[in-house]
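The values are calculated or read from the model by the stated rules, or taken from the named source; none is laboratory data. Fair warning: this is a prediction, and the values are worked out from it, not measured in the lab. Here the Cβ positions follow ideal geometry from the backbone for every residue, glycine too, while neighbour counts run over all protein chains shown. SASA here: full protein model, heavy atoms, side chains in, ligands and nucleic acids out. Shrake-Rupley method; radii C 1.70, N 1.55, O 1.52, S 1.80 Å.
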Amino acid sequence: CSLRDTPKVTSIVDAETHDWRLPPLDPGQTYGEIYETVFVLDSCEQATKNGVRKLEQMGLPCLIHKLPYGDAAWMARRRGASLAECYMLDFIIERKRLDDLLASIIGN
């Protein structure tokens, strides 16, 4: 996993609406046949390199990428295709201590 191997933000977030894109499937296709699920860690996270190493040791595909939202997310990457063909799934992870969470809510 390295920053140079990660997709551009525009490939995982719709450029016009800024919405996460979901992976398309043709009739009769299953998600597991077409895509693999990859864990994406935000490049700004302090523990990113250690986290990636641990996840890879567990056999989980992962990438380091600057995420526009959250600390981590799940991505669907088309099997055998370039990294440009990937889609963010609808789960975003935000790590916060309780005091950080309260400050975010109060600070809007």
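In table form, for the structure just shown:
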read-out: Long-range neighbours under 9 Å by Cβ, at least six apart or interchain, first residue among the basic types (K, R) within the range 52-80, second open to solvent by 80 Å² or more (accessible area, probe 1.4 Å); value: K66/L3; K66/C44; R79/E33
read-out: Positions within the range 28-39 being free of Cβ contacts under 8 Å to residues at least 40 places away in the same chain and under 13 Å from A72 (Cα atoms), in sequence order; value: F39
read-out: Looking only at the range 13-23, and only at residues there that are in contact with a Phe, Trp or Tyr (Cβ under 8 Å, 6 or more places away or on another chain) and either over 16 Å from P68 (Cα atoms) or modelled with pLDDT of 65 or more (or both), the one that is surrounded by the most Cβ atoms within 10 Å (Cβ to Cβ); value: P23
read-out: Within the range 68-82, tally of residues that are at pLDDT below 85 and either touching a Ser or Thr at 6+ places or on another chain (Cβ under 8 Å) or open to solvent by 40 Å² or more (accessible area, probe 1.4 Å) (or both); value: 4
read-out: Filtered residues of the range 27-45 (kept if surrounded by 13 or more Cβ atoms within 10 Å (Cβ to Cβ) and assigned to a loop (DSSP other than H, G, I, E, B)); value: S43, E45
read-out: Of all residues making up the range 50-102, the number that are in a helix (DSSP H, G or I) and among the small types (G, A, S); value: 1
read-out: Residue within the range 49-64 that is modelled with pLDDT under 85, open to solvent by 50 Å² or more (accessible area, probe 1.4 Å) and either within 15 Å of C86 (Cβ to Cβ) or touching a Ser or Thr at 6+ places or on another chain (Cβ under 6 Å) (or both) present; value: no
